[in-house]
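The values are calculated or read from the model by the stated rules, or taken from the named source; none is laboratory data. Being a predicted model, the structure only gives us computed values, none of them experimental. Note that each Cβ is placed from the backbone with ideal geometry, even for glycine, and that neighbours are counted across all protein chains shown.
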Amino acid sequence: MKPTVYWEDGCVVMLDQNLLPHEERYVSFRDWRDVAEAIRIMTVRGAPAIGVTAALGLALAARNIPDAGFDAAFREACDAFAATRPTAVNLFWAIEQMKGTAASSRGSERADALLREALRIADEDLQANRAMGRHGAALLEDGDGVLTHCNAGALATSGYGTALGVIRAAVEQGKRLSVFADETRPRLQGLRLTAWELMRDGIDVTVIPDNASGAVMRAGWIQAVVVGADRIAANGDTANKIGTYNVAVLARHHHIPFYVVAPLSTVDASLPNGRAIPIEQRDPAEVTHIDGHAVGPEGVPVFNPAFDVTPAELIAAIITERGVYRPPFGFHRRNNPC
Ligand code: MRU
């Protein structure tokens, strides 16, 4: 599979994830504003992929901004990307990296330097996913049932995936796993994306409705939960797709380890705990409508948060590219998170 987002011939190209699994269409953008809009409407989604896309979008912007007035125009582009989705910190992390590169280069050199930086961010994410896979695979046993929520796979990253990277690495080591994918209402990333990705790789996957996760745990089918993250606070509290917290509570009740898999670019050490993580609120129609058809009564009030926060006390380990961190987590401590 081609990467979910990449640079080609002066364009940012991405797989339109809103069309999956029925259509595999790559769309190509020459204007950075369209790249920002693609993040907003979730043509591309998943925390690391959003960061990579913003970096490539800013590289695209830099090529088209004249030297005179560069700073103001580049700042405008950075602000536009920052306004697309509020929760995944990888987006803001990538924007900061790009701002740093813009500040340290000049003139004709600058656009090339920004493209190099965006490509470096993309490559570093792929390497981080492979490293997380190596570290995390050791936590899974041959024959395990593994539950995951949302899509934290190749589609959500530069490739290989975070949570799905751990599953892929364990399978590559010859372990037979049965993956259970929560459908992930309301946007169905589990059903549409995780199931599609794992089936393509020949990895055993069964989709369950979100409200079946307790039943499958009680049945003894699940030995581990692995999920990705959109933002991890200094104390290990973790924001991820809405419903992740429910799964973590259920896992604790059933004595099943709950693992978070994320690159260090997902850690926001400036936040002491998860209470300060901004949670994106999305269109009520995502809840009241299914496939464009109104299902709920017209005008019904809806609460539609895209993410929730799982407290650190429910997390057995956080797997990063640097290794497996066990509680108590302390990402504010320099160099040695735990
Ligand atoms: O709204 P989405 O689809 O962008 O949400 C994605 C998730 O919650 C993922 O689990 C998270 O970004 C980690 S992706 C490696």
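Given the criterion buried (at least 18 other Cβ atoms within 10 Å of the Cβ), among the charged types (D, E, K, R) and modelled with pLDDT of 95 or more, identify the matching residue among D182, D204.
Details: D204 fails: buried (at least 18 other Cβ atoms within 10 Å of the Cβ).
On inspection, the qualifying residue turns out to be D182.
So that you can scan it fast, the table gives a plain yes or no per residue for (1) in contact with a strand residue (DSSP E or B) (Cβ under 8 Å, 6 or more places away or on another chain); (2) more than 16 Å from the ligand (Cβ to nearest atom):
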site: D204; (1), (2): yes, yes
site: N211; (1), (2): no, yes
site: V225; (1), (2): yes, no
site: A229; (1), (2): yes, no
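Take R40 and decide whether it is at negative phi, of a type in the set (D, E, K, R) and either crowded, with 18+ Cβ neighbours inside 10 Å or without any contact (Cβ under 8 Å) to a residue 12 or more places away in the chain (or both). Outline the logic, then answer.
Details: at negative phi: yes; of a type in the set (D, E, K, R): yes; either crowded, with 18+ Cβ neighbours inside 10 Å or without any contact (Cβ under 8 Å) to a residue 12 or more places away in the chain (or both): no.
In short, no.
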| Selection status of N240, under 19 Å from T87 (Cα atoms) and surrounded by fewer than 19 Cβ atoms within 10 Å (Cβ to Cβ) | no
| task | Please identify the pairs in which a residue from the range 311-336 that is surrounded by 15 or more Cβ atoms within 10 Å (Cβ to Cβ) has its Cβ atom under 8 Å from the Cβ atom of a residue that is at pLDDT below 95 and part of a strand (DSSP E or B), counting only partners at least 6 apart or on another chain. | result | none
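Counting only residues that are touching a residue at least 40 places away in the same chain (Cβ under 8 Å) and not in a helix (DSSP H, G or I), which one in the range 170-202 is farthest from the ligand (Cβ to nearest atom)?
Initially, the range 170-202 is screened for residues touching a residue at least 40 places away in the same chain (Cβ under 8 Å), giving 178, 180, 182, 184-187, 189-190, 192-198, 200.
Then keep just the ones that are not in a helix (DSSP H, G or I); that gives 178, 180, 182, 184-187.
Numbers: S178: 20, F180: 15, D182: 11, T184: 8, R185: 12, P186: 10, R187: 6 Å.
Looking at the filtered set, the residue picked out is S178.
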| In the list P257, P272, which residue meets the criterion of being more than 10 Å from the ligand (Cβ to nearest atom), farther than 19 Å from G165 by Cα and surrounded by fewer than 21 Cβ atoms within 10 Å (Cβ to Cβ)? | P272
| note | Given the conditions (1) within 16 Å of the ligand (Cβ to nearest atom); (2) surrounded by fewer than 24 Cβ atoms within 10 Å (Cβ to Cβ); (3) β-branched (V, I, T); (4) in a helix (DSSP H, G or I), every one holds for I167 apart from (2)
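Quick check on my filter: what residues within the range 216-230 are within 12 Å of H255 (Cβ to Cβ) and either surrounded by 21 or more Cβ atoms within 10 Å (Cβ to Cβ) or hydrophobic (A, V, I, L, M, F, W, C) (or both)?
If we filter the range 216-230 for residues that are within 12 Å of H255 (Cβ to Cβ), which is where we start, we get 217-218, 220, 222-225.
Within the range 216-230, M217, I222, A224, V225 meet the criteria.
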| field | Qualifying position, being under 24 Å from E280 (Cβ atoms) and among the hydrophobic types (A, V, I, L, M, F, W, C), among I203, I167, I208, I232 | value | I232
